[in-house]
Amino acid sequence: MPRYYEDKPEGGACAGVKEDLGACLLQSACVLQEGKSPRQCLKEGNCRALQYSFFECKRSMSLQVFHQTCEKKFPFIQL
């Protein structure tokens, strides 16, 4: 379940999702009971919804930077 922190400083646009993903992995049975690393558990498909949310957040940030760069370099092209 997502957690929101009002007293924490901003750590970037996707920091909350990243922190939730890390917490999900560290609390998963894969890490706690099987003793695997969070990276191994992520590859096995644990916390898949948060992984996808983090990917989409990072992708949206990349697209935003791409569009801003294109607007500066090529103002005559409509994206």
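Tabulated values for the structure
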read-out: Tabulated pairs, the stretch 33-46, first among the acidic types (D, E), second surrounded by 14 or more Cβ atoms within 10 Å (Cβ to Cβ), C-beta under 7 angstrom, 6+ apart or interchain; value: E44/C30
read-out: S62 among the hydroxyl-bearing types (S, T, Y), within 20 Å of the chain's Cα centre (by Cα) and surrounded by fewer than 12 Cβ atoms within 10 Å (Cβ to Cβ); value: yes
read-out: Filter result (out of contact with any Leu (no Cβ under 9 Å at 6 or more places or on another chain) and small (G, A, S)) within the stretch 38-68; value: G45, A49, S60, S62
read-out: Top-ranked residue of the stretch 28-51 - restricted to ones that are surrounded by 12 or more Cβ atoms within 10 Å (Cβ to Cβ) and under 12 Å from the mean Cα position of the chain (by Cα), ranked as farthest from G12 (Cα to Cα); value: C47
read-out: Test: C70 is modelled with pLDDT under 95, more than 16 Å from the chain's Cα centre (by Cα) and crowded, with 17+ Cβ neighbours inside 10 Å; value: no
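The values are calculated or read from the model by the stated rules, or taken from the named source; none is laboratory data. Quick caveat, the model's predicted, so the values are computed rather than measured. Note: ideal-geometry Cβ built from the backbone for every residue, glycine included; neighbour counts use all protein chains shown.
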